[in-house]
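So the structure is just underneath, and the comments pick up after that.
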2 protein chains.
Amino acid sequence: MTARPHEIAPRTGVAFTLDAGQSLTVIDPCGQQVADLLAYARDDVREIISGGRTLDYQSKLFLTTGDTLWSNRSRPMLVIEADDVGRHDFLLTPCSRETFEIIYGDKDPHRGCFGNLAAALEPYGIAPDTIPTAFNVFMNVTVAGDGTLAVKPPLSKAGDSIVFRARMPLIIGLTACSALQSNNGSFKPIHYRID
Amino acid sequence: MTARPHEIAPRTGVAFTLDAGQSLTVIDPCGQQVADLLAYARDDVREIISGGRTLDYQSKLFLTTGDTLWSNRSRPMLVIEADDVGRHDFLLTPCSRETFEIIYGDKDPHRGCFGNLAAALEPYGIAPDTIPTAFNVFMNVTVAGDGTLAVKPPLSKAGDSIVFRARMPLIIGLTACSALQSNNGSFKPIHYRID
């Protein structure tokens, strides 16, 4: 019997550890909700998930079943074992106070995924400046022929999930994303399960 | 009269400082040669050039004249003031021992742009783990409709250049790239000038 999933409330984030060999299932319970995923090596938090290394070794922008997420030291951190959606990327950074100021013009901006991740990861000795571009789970960014980027509604439907297998002991940061545009205009929870 | 440019020998790299307001011209003297560019804030080297933040704020993969390169703290580091080529990106990471082992199968791999940058930046107190995806000057990566990436010969011709203006005091890392595929099969120098 599978345990009930944990819930990440709208516009919040959490951090937790994962042992090598454990799986992490990230679920979109309502549909069209993005989750930002970070990974740090538990043995040395200077080893960090790297979008650039992953793009290098996988030679693609959109990662799915069978693809590996690599660290800045060129070691496999997570492997995608199952994926209902097929649209996730490493393109845009976690939304932040500055994102909301610069892109949305907000006067009293939310701390965003960046602030949520920084707060959740702080007890593990992880400094905000070391937060890289996250793996943007369920995010739907399109690339035009000239390289123009556009943030579109996620393709995930209620109950869709993606399953990762840890290849080393990890600290994971995970959010229910706080940016209106990324989530088709509303803020919803994210569920996750560790098996 | 303009001073003679500095030369970066094939498969090597350098680091130097730039004052706020100074310009950096990166020149491809032979054509079809990539240069990896990094920037760190001189006042605090934990503030680092960020491809993710730049993609966010510029909403495009390929940066050119008028575009700003942003830091991980969402501050402008460099502005592109002139550009003969129009094809540069933040997609793939600096080539490294691991790149040559994993992608090329080399038995005795070169340390690559990553090793060259790490060595050049070490006197400034910059640790290898904090080397992010570089701004890949003159690199020509194409993105297919399904997100597949391909490394193509650079579009730069002999003498082509790109000019950056520093928006804060910076430490710059700069290479003549060491990966065969990125440079259409041969290793050439890079020139640069500070004005």
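Quick notes on this one:
- From helices alone, chain B scores -3500 deg cm²/dmol at 222 nm; the rule is -39500 (n - 2.57) for each run of n ≥ 4 DSSP H residues, then divide by the residue total.
- Efficiency of FRET from Cβ geometry, B:ASP108 and A:ASP44, R₀ 25 Å, rounded to 0.05: 0.40
- Sorted shortest first, the distances from the B:GLY185 label point to those of the same residue in the other copies are 5.4 nm; each point sits 7 Å from Cα along Cα-to-Cβ.
- Each other residue within a Cβ distance under 10 Å of A:PRO189 adds +1 if Lys or Arg and -1 if Asp or Glu, for a net charge of 0.
- Partner chain coverage, peptide A:129-137 - average Cβ within 10 angstrom: 4
- Projected onto their three principal axes, the Cα atoms of the protein assembly as shown cover extents of 73, 52, 39 Å, largest first.
- Once you reduce the stretch A:57-72 and the stretch A:118-195 to the center of their Cα atoms, the two points are 15 Å from each other.
- Summing +1 for each Lys or Arg and -1 for each Asp or Glu among the other residues whose beta-carbon sits under 11 angstrom from that of A:THR64 gives -4.
- Anchor B:LYS157: lysines whose Cα lies under 22 Å away (excluding residues fewer than 8 positions away in-chain): B:LYS188
- Average partner coverage of A:58-64, which counts Cβ from other chains inside 10 Å: 4
- Distance from the axis that maps chain A onto chain B is least for the Cβ of the chain A residue given, with the whole Å value, as A:VAL143, 3.
- Top positive-direction residue, dipole computed over the stretch A:40-195 with Cβ charges, set A:THR68, A:GLY52, A:TYR104: A:THR68
- For A:GLY66, the point set 7 Å out from Cα toward Cβ sits 4.2 nm from its twins in the other copies, listed from shortest up.
- Dipole check for the stretch A:1-139: with +1 at the C-beta of Lys and Arg, -1 at the C-beta of Asp and Glu, and the Cα centre as origin, the magnitude is about 80 Debye.
- Evaluated with a Cβ-only charge set (Lys, Arg +1; Asp, Glu -1), the stretch B:67-195 carries a dipole of roughly 200 debye about its Cα centre, given to the nearest 20.
- Calculated log₁₀ intensity ratio I(q)/I(0) where the Debye formula runs over C-alpha points of the stretch A:74-195, q = 0.12, 0.13 Å⁻¹: -0.50, -0.59
- Here is the list for the stretch B:77-186: trypsin sites (Lys or Arg not before Pro) lying in DSSP coil, each with at most 10 other C-beta atoms within 10 angstrom of its C-beta, are B:LYS107.
- Partner shielding of A:44-56 amounts to 5, given as the average count of beta-carbon atoms from other chains within 10 Å of each residue beta-carbon.
- Based on Cα contacts under 8 Å between residues 6+ apart, chain A shows a relative contact order of 44 percent.
Coordinate-derived values only; no laboratory data. Every value quoted in this text rests on a predicted model; they were computed, and no experiment measured them. Glycine also receives a Cβ, built like all others from the backbone with ideal geometry; neighbour counts cover every protein chain displayed.
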